[in-house]
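See structure below.
What follows is calculated from the coordinates using simple rules that are stated; it is not laboratory data. As the structure is a prediction and not an experimental result, all values here were calculated from the model. Glycine gets a Cβ as well: all are built from the backbone with ideal geometry, and neighbour counts include every protein chain shown.
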């Protein structure tokens, strides 16, 4: 590719007139290779920042790409993580802003997965093909054309080989924890967005931020393959806030989806919530 291609980086964007949760659901309902990852990440952020202009934030990514002369993975890593100073937030790792792509761009700090999304977004625009590597506990990047060429976005784009990736895994999980080579296989946009939301779910559960946890769970439930029990968690949150009708609707959906004895149990819980509306 001869130069930046910002329009091609997000050819599958959605109509801005849609409500943000609907836009996210429509996005993750597409085949994985048609999902605009940068847009999905910004739609997550738009739930924390209701006035966020997603189109303008995509334009900021265009500007980052427009200023980058890199044409390979190493050069891109140096430009983002050395020249521009993007780095891992080691002081406040669990700050939710580390998971919002607009904040990552503005503050030039984040966690491994959000920094990886940034690098992939810029790379898409300039023809540097990076893929996400969902290693448990520490998200990495890889050059699509080099199966042994990994990047650690949290460590200022440090280059890693497979042995170094295994060493990083054991440093996190202990040397007695078995390493599966599949941990170094690429993951798609749906898995990446789901993992970003899982990180936020953990943060908001730990801090007791029920309002934020509700929108995180609603987004999680739009992603194919998310455990249905998370709908029961959402129902419990809604009921705790006195929203018994919405809680009953969630459990009723779950009862139909699961069926059997467990479905019947959720159905009875839904009926008890509806009874509290009278």
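Taking residue 98 as the residue in question, decide whether it is without any contact (Cβ under 8 Å) to a residue 24 or more places away in the chain, surrounded by 21 or more Cβ atoms within 10 Å (Cβ to Cβ) and under 30 Å from residue 208 (Cα atoms). Judged against the criteria, residue 98 is a match. Residues in the stretch 60-74 that are free of Cβ contacts under 8 Å to residues at least 12 places away in the same chain and over 24 Å from the mean Cα position of the chain (by Cα): 67, 69. Residue 146 satisfies every condition listed in (1) surrounded by fewer than 18 Cβ atoms within 10 Å (Cβ to Cβ); (2) free of Cβ contacts under 8 Å to residues at least 40 places away in the same chain except (2).
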